[in-house]
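Below is one structure; the comments refer to it alone.
The values are calculated or read from the model by the stated rules, or taken from the named source; none is laboratory data. Small disclaimer: the values here were computed from a predicted structure and weren't measured. Neighbour counts run over all protein chains shown; Cβ positions are idealised from the backbone, glycine included. Areas reflect the complete protein model, heavy atoms only, side chains present, ligands, DNA and RNA absent. Shrake-Rupley method; radii C 1.70, N 1.55, O 1.52, S 1.80 Å.
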There are 4 protein chains.
Amino acid sequence: MKLTGIIAYPITPFTKDGTQPDLNKLAHNIELLLQNGCDAIAPLGSTGESAYLSFAEWQQVAQHSVQVVAGCVPVIIGISELTTEQAIHKARFAEEIGADAIMVIPVSYWKLTDDEICGYYKAIAAEVSLPVMIYNNPATSGVDMSPELIVKMFRGIPQITMVKESTGDIQRMHKIHQLSSGELPFYNGSNPLALEALCAGASGWCTAAPNLLGMLPKELFSHIQAGDLQAAKENFYRQLPLLSFIVSGGLPKTVKAGLALKGVEVGQPPRKPLTAANEQEIATLSRLLKQILPE
Amino acid sequence: MKLTGIIAYPITPFTKDGTQPDLNKLAHNIELLLQNGCDAIAPLGSTGESAYLSFAEWQQVAQHSVQVVAGCVPVIIGISELTTEQAIHKARFAEEIGADAIMVIPVSYWKLTDDEICGYYKAIAAEVSLPVMIYNNPATSGVDMSPELIVKMFRGIPQITMVKESTGDIQRMHKIHQLSSGELPFYNGSNPLALEALCAGASGWCTAAPNLLGMLPKELFSHIQAGDLQAAKENFYRQLPLLSFIVSGGLPKTVKAGLALKGVEVGQPPRKPLTAANEQEIATLSRLLKQILPE
Amino acid sequence: MKLTGIIAYPITPFTKDGTQPDLNKLAHNIELLLQNGCDAIAPLGSTGESAYLSFAEWQQVAQHSVQVVAGCVPVIIGISELTTEQAIHKARFAEEIGADAIMVIPVSYWKLTDDEICGYYKAIAAEVSLPVMIYNNPATSGVDMSPELIVKMFRGIPQITMVKESTGDIQRMHKIHQLSSGELPFYNGSNPLALEALCAGASGWCTAAPNLLGMLPKELFSHIQAGDLQAAKENFYRQLPLLSFIVSGGLPKTVKAGLALKGVEVGQPPRKPLTAANEQEIATLSRLLKQILPE
Amino acid sequence: MKLTGIIAYPITPFTKDGTQPDLNKLAHNIELLLQNGCDAIAPLGSTGESAYLSFAEWQQVAQHSVQVVAGCVPVIIGISELTTEQAIHKARFAEEIGADAIMVIPVSYWKLTDDEICGYYKAIAAEVSLPVMIYNNPATSGVDMSPELIVKMFRGIPQITMVKESTGDIQRMHKIHQLSSGELPFYNGSNPLALEALCAGASGWCTAAPNLLGMLPKELFSHIQAGDLQAAKENFYRQLPLLSFIVSGGLPKTVKAGLALKGVEVGQPPRKPLTAANEQEIATLSRLLKQILPE
């Protein structure tokens, strides 16, 4: 599995009464992402409100996503669990339904030591044969994995073959590149760092932006591949105001609101205590979208 | 409900196979805390690995704790949930089984706005008639509630009558005191701040320390009540090395290890990915305990 | 030299054209502090705009302060210099004019290693026979000295006999107490921490507050000495709004403005780029002063 | 003045007794930088120990640098002063001796408000007719200027025409680009960010690296200009270990040690309390230099 390009994150739409995922709307959302040139689909990430779903709901979303994508591109299933046991349940399920990889992020209540983190990944990897992408995002998970730890796990656990770095700190990508002699592919998970991460050698960009920005993310990747730095820069600065806005506003809320503005049915707002975008946020989104994609 | 003194946190022991709470050992642990002069019992806090239990396990521990305490002192049930819905389920259950209060901490995956936090507490308070203690501990929950927000919720939601402040920042306690004109009782949740928080007017100290330090925490509180600052200071500096150690090592791990050293049965280690204390940690604990409580 | 109580910081008034220190006004300011019960005078601290004076001006202020105090209480001269050489010049001058001690803070442009900091103090101590107070205030100096380093220097350099801790972190005071077995006297340099630092065993409080709050700081110290925690708490919460205000607004600006409101002549505003308090700040100061000291 | 490319920072060598700048060695150092393709020379920056020099020494270094460069490339004189008055003295001197621009960084003891910072720049700009480069480096100066403030000053003070951003935060460069509609040229002052800053549109790279790495910095710039991202990436990762080392070790110490290893006479070690590189640091430098520039 040699993944490059845009790894896209669907939302998880809910049915009218908010009690369960709306699988039809989910399918529609995934198809939109495929039309926008995405190279892989990652349901049940942060954007997909994975942390707010029951296990049964999580299973439904995972299974339906694999069915909808139907092998067009790889499907990477997100797993973020406090206990090792529950993470293993999800990993096994992902394998059973035919997912191509799992993206795993440990979650903290109590801070985890490096040994505990290592144990978490080892225990999961021992139960499945899927490739594992380490996902580092201390801002949401409370767990911060250093480049040193990440590369050590890459060296010690064969199934770990990719890392998604979402701290927004480019020096961590440099360090991963150096410590692994360029052997561990890293993916950018911080939207406002997309240009620089790709210039620094990221294999791809994990992002919910194709939900709202169409082909722009894919085109940024292509410009970099083609060595056209000037076009890449123009593309990036065009996208940047929206990228910054959806990150600072919270992805589930802003992406659902943005899709609604574009006429896509997204179902209920994010799960409480998360709230829907307010009028001012919707107005800003609307202005940014018109500015970036005029007609 | 006018709570003062030491609010003690039991551990959650697990049965041999690690699959469920060991209710007998839990009862024994609670009795130990009552013998050590504690003024309230708070099961299912951070020390009690609340975040790592299934809902059914959480229910068992809550119910059994209320039964064991049997009205001797108030029981305050800890609730830390990502979704408002699940927090409400737990709050209702706490009320049904006869708990005296609930201690509620919002948990973040996505950062919560002040309005979202407020909505979370309002929704819970609307469903039960128990007193609610706001619990602020950004280091574990990822949610940081400012003194301004806390006092605003105290003014607007009648059931909120107490706040446990665990940031370790004494200026926040000053601010809560000032903003509420001294009307909102605050409790210290940062062990190494116990002396100063009580000097600054904290109504009590929420702590797992009585598990290991016997009557010392209660005596510290009594010295302050009696205005004997010199004795309080001596007591505190005596306790401090252990307080610092259990906080930096993680409470479930270090408290379980310390209880075991004292001959108390604690069952299995904390839930994975958390691990048991290692040899070096046990040696340090042993040395500290002997030094503080010589015979 | 066994210093306890309130160590007070005068301002440095400037003459009408702003070109030099106004020594008459300085004398008047020092007398005011002595009337307010202060136990030591520390000219040329942060409040005294030491960093903004030429060497000649610094010398004038130091010499005149010693003359005005005239042995009533100890005079501690502040030294904050980037180069070791210039710090030594000042230390020698302080000794020549009969100061009782020097309070020394290293200043960074380039971050200093622990060895460099140690070398700085050793080189200064080698040139004078005065007692040296270590002054730790990373917020102004850019140099952060850990409790471990401070106690190590205390053990290794005989002239170091005191430490002023201004980080506002009570845990550092605990650590200094523990690491030095209570042998290194520590003084609180963070105004909003005064109550707790004294409760935790601080020998004194280094503060500019007696400029504006009269006997209140001294009375706080006396309440703690007498073990009257209730009176101490009331005194502290009364002072606190002003203490917080002068710290967040910057001491030279707010203390000069506050003294002017009280009818004390303070000469020109602080040296540029520092500015005078604006109208809103003066209004707040006026309100706070009336509230705390009504008539 | 349309400056692009590599803006190089000489060291300030000292004479044998350490009491004054060694102007011959300085000249030699500047010539080396010119041979290494640098597009401008910036004496008296952080690398040049500007903060540790007396005014007279600063004047000597400034004047001699202008003479040695002799119009080959622009000379940008660094000014970092606590008081506005002293900054003005230096600015005037720079103009008198024929410097091409000044690079000005406010230094804090007391934190400066945005208005105070603005006043500082305005007062300096009013006294000279040279172009002014804003230099933002909170790690050394203690003053943090937001992109908003920087662009506001650029709009309001005509002489401000460039900004050197040294925080290492690429998002600040994005913001400066966006807020100024691309009109304010920004220069990268964080060595380990060089690749990404140039990709994001930086006009140049302010660096001491050409002292040790010869033409490599200039070649990185040329690769980016030519749109050869692959070559740029290889060049950058080759340089990076040394860039990281000199930044974390402190530039005056490591650059002087590295030059000495290359056989360049650098005079005395940095001014105390700064120290010379120790044996281990020299060994690491030696290894890195051999690895990067083999023969």
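Miscellaneous remarks
- Fluctuation leader among D:Asn278, D:Asn191, D:Asn235 - chain D, Gaussian network, Cα springs under 10 angstrom: D:Asn278
- Among beta bridges from DSSP that stay inside the protein assembly as shown, the antiparallel ones total about 5%.
- Between this copy and the others, label points of D:Asp228 are 2.1, 8.1, 8.2 nm apart in ascending order, each placed 7 angstrom from Cα in the Cβ direction.
- Within 10 Å of the Cβ of each residue in B:246-253, the mean number of Cβ atoms contributed by other protein chains is 2.
- All Cα-Cα distances of chain C, cut into 5 Å bins from zero to the largest, leave 1, 6, 13, 17, 20, 18, 14, 8, 4, 1, 0 percent in each bin in turn.
- Largest-first ordering by accessible area, 1.4 Å probe, given options D:Glu116, A:Glu85, B:Glu96: B:Glu96, A:Glu85, D:Glu116
- Fully extended contour minus Cα-Cα distance, from C:Ala123 to C:Arg287, at 0.36 nm per residue: 54.3 nm
- Surrounding net charge for A:Trp110, when Lys and Arg each add one and Asp and Glu each subtract one, Cβ distance under 13 Å: +3
- For B:Leu261, the distances from its label point to the matching points in the remaining copies are 4.6, 5.3, 5.8 nm, ordered from shortest, with each point set 7 Å beyond Cα toward Cβ.
- Ascending list, in nanometres, of distances separating the B:Glu279 label from those of the other copies (7 Å, Cα toward Cβ): 3.4, 6.8, 7.4
- Computed with a 1.4 Å probe over protein heavy atoms only, the accessible area of B:Thr113 comes to about 60 Å².
- Taking a straight Cα-Cα cut-off under 19 Å and skipping sequence neighbours fewer than 8 places away in the same chain, the lysines within cross-link reach of B:Lys152 are B:Lys122, B:Lys164, B:Lys175.
- Approximating the spin labels as points 7 Å out from Cα along Cα→Cβ, the A:Lys2-to-C:Gln67 distance works out to 8.4 nm.
- When chain A is turned onto chain B, its residue with the beta carbon nearest the axis, and that distance in whole angstrom, is A:Gly142, 3.
- For D:Lys2, a cut-off of 16 angstrom between C-alpha atoms picks up these aspartates and glutamates, skipping any fewer than 8 places away in its own chain: D:Asp39, D:Asp100, D:Glu183.
- Shape metrics for the protein assembly as shown, restricted to C-alpha atoms - Rg then Dmax, Å: 31.6, 90
- Cα-based shape type of region D:29-141, given that a ≥ b ≥ c are square roots of the gyration tensor eigenvalues and the cut on a/c is 1.5: prolate
- Dimensions in Å of region A:118-262 - Rg and Dmax from alpha carbons: 16.1, 46
- Pairs over the 18 Å Cα-Cα cut-off, from the set C:Lys253/D:Lys111; A:Lys233/A:Lys262; C:Lys218/C:Lys256; B:Lys111/D:Lys111: A:Lys233/A:Lys262; C:Lys218/C:Lys256; B:Lys111/D:Lys111.
- The charge dipole of the protein assembly as shown, taken about its Cα centre with unit charges on the Cβ of Lys, Arg, Asp and Glu (plus for the first two, minus for the last two), comes to roughly 0 debye.
- The heavy atoms of D:His28 offer some 100 square angstrom of accessible surface to a 1.4 angstrom probe.
- Most mobile of D:Leu274, D:Leu242, D:Leu251 in a GNM of chain D (Cα contacts under 10 Å): D:Leu274
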